[in-house]
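Here the structure comes first, spelled out in structure tokens, and everything after it is commentary.
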Amino acid sequence: MTTAALLEVVETSGGRQLFAYGAWTALHARQIDVAIDAMDGAATSLPATLDMSGVDAFDTYGAWLVERLSSRWLDEHRPLQVVGLRNNFEGLLGAVHRVRSDSPVAVTSDKSLGSTLAGGVGAIEQALSAAGRDLAGLINMLGAVVQSLGQVVSRPRTFRLTSAVHHLDRVGWQAVPIILLITFLIGCIIAQQGFFHFRKFGADEYVVDMVGILVLREIGVLIVAIMVAGRSGSAYTAELGAMKMREEIDALGTMGLDPVAVLILPRIVALLVALPVLAFLGSLAALYGGGLVAWLYGGMSPEIYIARLKEAISLTHFKVGMIKAPFMALVIGLVACTEGFKVKGSAESLGLKTTASVVQSIFLVIILDGLFAVFFAAIGM
Amino acid sequence: MTDQTQQPVISVRDLVVGFGSRIVLDHLSLDVRRGEILGFVGGSGSGKSVLLRAIVGLLPKRAGTIAIGGIDLDSAGEVSRRDVASRWGVLFQQGALFSSLTAIENVAFAMREHLDISERLMAEVAMAKLAMVGLHRGDAMKFPSELSGGMTKRVALARALALDPEILFLDEPTSGLDPISAGDFDALIRTLQQTLGLTVFMVTHDLESLYAVCDRIAVLADGSIVAIGPMSEMQRSDHPWVKAYFRGRRATLLEQRNATAPA
């Protein structure tokens with residue numbers, strides 16, 4: 001339908017006459033919108049009439065456009081008289097007239113970014129203060145968990161054993177297959193690369209040293225921690241965030257229960273138990289994978305591999321890896337729970353916080369690993 | 001009430017809906033006439049919301065037909081389904097507002113998807129819709145998590161009305177509102193129904209709403225409609241559940257109050 005078929009303008013000596021036809025509905029709103037805005041507020045201040053007897057369909061959009069035109073012309077001291085509107089459409093026009101708001105706001109808010117240098121400095125400042133707040137939140141959570149742990153130690157019956165076992169099943173037992181598979185493959189890859197490159201120097205035998213030390217000291221626990229952060233940390237954040245959104249955490253508070261003791265402590269305890277066990281199993285799987293590759297690809301018999309492994313590694317290497325595991329579990333648990341509690345009302349913030357939880361915990365796990373490397377080197381382990 | 005001989009806007013025939021071995025709606029038939037407000041009552045768990053969700057296509061049905069404005073949704077193609085979806089508006093029990101959009105963006109969302117209109121008109125009409133349901137200007141830019149329960153319902157109603165639908169489905173519109181807000185909401189639905197010429201399908205538990213706004217009332221029990229008609233007819237019904245509902249303590253009190261002080 002063309003604009004002309006919807007709205008016609010006739011200038012007469014008695015004033016301007018407008019004739020509306022057809023469907024003044026959302027379907028044609030764009031054309032009517034343009035036609036009405038294009039209409040000049042001519043110099044004449046004669047009264048105008050809008051004859052709507054030709055309109056056979058009318059809705060809020062049509063009514064709004066009529067209202068927009070009449071109010072604009074009213075501001076220009078040229079009243080617009082609407083005539084011929086069908087009875088059942090009049091109520092709508094009246095309703096729109098009543099709610100007409102003087103200055104409508106834009107739907108999309110203007111997000112103009114701060115310009116150039118000042119904006120850049122501001123962004124860095126904001127990022128730094130956000131990082132500071134994150135760290136403070138983490139320490140705050142650590143304090144709450146330690147306090148809660150203290151209460152549990154003084155009254156062991158208050159510990160939520162059922163909950164802790166349930167979470168242990170989820171983050172520990174159910175994670176075993178995937179952890180075994182991943183670490184096995186990592187062990188295979190390290191051994192394969194070792195044989196491929198060491199063979200050039202005739203140093204095949206040292207591949208076993210590399211696999212053993214690397215897996216036990218670093219890779220085993222690090223890969224497992226990263227897997228757990230992605231698998232269980234994200235689940236913790238999403239669960240707690242959804243509880244926060246649905247006011248379940250507030251409900252706990254009003255019942256006189258401490259959310260930290262009920263929700264967080266069992267989760268962190270489960271991680272503290274599960275992660276060292278998973279790291280142990282993961283290391284075994286990686287060593288097994290390395291041995292398999294040594295046998296099939298490197299032509300080293302299992303007996304020799306095991307004998308070399310016994311010579312190459314000591315209990316110290318194993319201890320270095322295992323000591324790190326609970327600390328990494330603590331970091332993952334604290335970050336996941338802190339981020340979960342930070343979720344606000346929207347689904348978007350749940351997604352943001354879950355992402356933040358995984359990114360932060362993996363980052364902190366790697367930082368922690370680096371600090372431990374320095375520490376163990378210093379004490380000669 | 002409009003012309004009785006007219007084709008019904010919503011026509012449900014022999015509808016069967018079940019979950020597993022449990023049949024919730026058993027060969028249910030229902031007609032909703034153009035321009036009426038149909039109140040839909042039934043005990044908790046009797047399947048009121050299930051019927052509403054089945055009509056709007058959120059639940060699969062096992063048998064039966066549902067026609068909206070003469071279009072059978074099963075045989076309709078994707079285009080006419082989309083078309084039908086722009087002819088109805090649904091108000092969910094919890095509001096179901098998009099949590100990452102502000103109130104006004106929630107209302108404008110369906111306009112943006114379905115209509116080809118300018119940003120300015122979209123903003124103006126969305127604001128007008130919010131004003132029509134009685135939301136203050138300052139609240140239009142708030143996010144759903146910042147709105148109170150009553151405001152959430154109002155925004156959800158404005159969103160349901162965004163495309164000027166012919167049919168409005170309301171799932172417990174007044175639940176969780178204080179009596180004053182609930183009364184206002186009833187009046188609002190009445191006014192909107194009259195000005196916009198809506199057909200309203202309202203699932204409710206609120207006796208006061210039933211008295212105040214509904215043209216007809218349908219009662220759901222044992223998987224099918226056991227009574228349908230205006231309030232006066234409900235009070236004469238012999239079905240035990242209908243009797244208990246409309247002649248129970250609260251209903252009698254309400255009736256006495258209405259009789260002594262007609263609103």
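The values are calculated or read from the model by the stated rules, or taken from the named source; none is laboratory data. The structure presented is a predicted model; accordingly, all values stated were derived computationally and were not measured. Cβ sites come from the backbone with ideal geometry, for glycine too, and all protein chains shown count toward neighbours.
Among the residues of region A:95-107, is any part of a helix (DSSP H, G or I), more than 7 Å from every other protein chain (Cβ to nearest Cβ) and at pLDDT 75 or above?
yes
Residues checked against (1) charged (D, E, K, R); (2) surrounded by fewer than 17 Cβ atoms within 10 Å (Cβ to Cβ):
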position	(1), (2)
B:85	no, no
B:94	no, yes
B:105	yes, no
B:123	no, no
B:130	no, no
B:135	no, no
B:148	no, yes
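Considering only residues that are of a type in the set (Phe, Trp, Tyr) and over 18 Å from residue A:275 (Cα atoms), look in region A:359-381 and name the one that is surrounded by the most Cβ atoms within 10 Å (Cβ to Cβ).
Top of the filtered list is A:376.
What single numbered condition from (1) facing another protein chain (nearest Cβ under 7 Å); (2) polar (S, T, N, Q); (3) surrounded by fewer than 17 Cβ atoms within 10 Å (Cβ to Cβ) fails to hold for residue B:65?
Condition not satisfied by residue B:65: (1).
Can you tell which of B:96, B:126 is facing another protein chain (nearest Cβ under 8 Å) and among the hydrophobic types (A, V, I, L, M, F, W, C)?
B:126
From A:339, A:348, which residue is buried (at least 23 other Cβ atoms within 10 Å of the Cβ) and part of a helix (DSSP H, G or I)?
That would be A:339, the only listed residue that is buried (at least 23 other Cβ atoms within 10 Å of the Cβ) and part of a helix (DSSP H, G or I).
Scan region B:23-37 and tell me whether some residue there is of a type in the set (D, E, K, R), in contact (Cβ under 8 Å) with a residue 24 or more places away in the chain, within 21 Å of residue B:207 (Cα to Cα) and in contact with an Asp or Glu (Cβ under 9 Å, 6 or more places away or on another chain).
The answer is yes, given that some residue of region B:23-37 is of a type in the set (D, E, K, R), in contact (Cβ under 8 Å) with a residue 24 or more places away in the chain, within 21 Å of residue B:207 (Cα to Cα) and in contact with an Asp or Glu (Cβ under 9 Å, 6 or more places away or on another chain).
May I ask you to list pairs of residues, at least six apart or on different chains, whose Cβ atoms are under 7 Å apart, with the first in region B:134-149 being more than 10 Å from chain A (Cβ to nearest Cβ) and the second being surrounded by fewer than 17 Cβ atoms within 10 Å (Cβ to Cβ) and not acidic (Asp, Glu)?
Every condition considered, the pairs that remain are B:149/B:176.
Does region B:72-88 hold any residues that are of a type in the set (Gly, Ala, Ser) and within 12 Å of chain A (Cβ to nearest Cβ), and which are they?
The one that is of a type in the set (Gly, Ala, Ser) and within 12 Å of chain A (Cβ to nearest Cβ): B:86.
Given B:180, B:167, B:104, which one is at pLDDT below 85 and of a type in the set (Val, Ile, Thr)?
Checking each option against the conditions leaves just B:180.
Does region B:160-167 include one or more residues that are more than 10 Å from chain A (Cβ to nearest Cβ), outside any loop (DSSP other than H, G, I, E, B) and either under 21 Å from residue B:87 (Cα atoms) or in contact (Cβ under 8 Å) with a residue 24 or more places away in the chain (or both)?
Yes, that holds for at least one residue.
Within region B:107-121, restricting attention to residues that are under 15 Å from residue A:32 (Cα atoms) and within 7 Å of chain A (Cβ to nearest Cβ), which residue is surrounded by the most Cβ atoms within 10 Å (Cβ to Cβ)?
B:121
Answer yes or no: is there a residue in region A:53-73 that is within 14 Å of chain B (Cβ to nearest Cβ), buried (at least 18 other Cβ atoms within 10 Å of the Cβ) and modelled with pLDDT under 80.
The answer is no; no qualifying residue exists.
Kindly indicate which of B:199, B:195, B:191, B:204 is modelled with pLDDT under 80 and either of a type in the set (Lys, Arg) or surrounded by 20 or more Cβ atoms within 10 Å (Cβ to Cβ) (or both).
Of B:199, B:195, B:191, B:204, the one residue that is modelled with pLDDT under 80 and either of a type in the set (Lys, Arg) or surrounded by 20 or more Cβ atoms within 10 Å (Cβ to Cβ) (or both) is B:195.
Is it the case, given these coordinates, that residue B:210 is more than 30 Å from residue A:57 (Cβ to Cβ), touching a helix residue (DSSP H, G or I) at 6+ places or on another chain (Cβ under 9 Å) and part of a helix (DSSP H, G or I)?
Criteria met by residue B:210.
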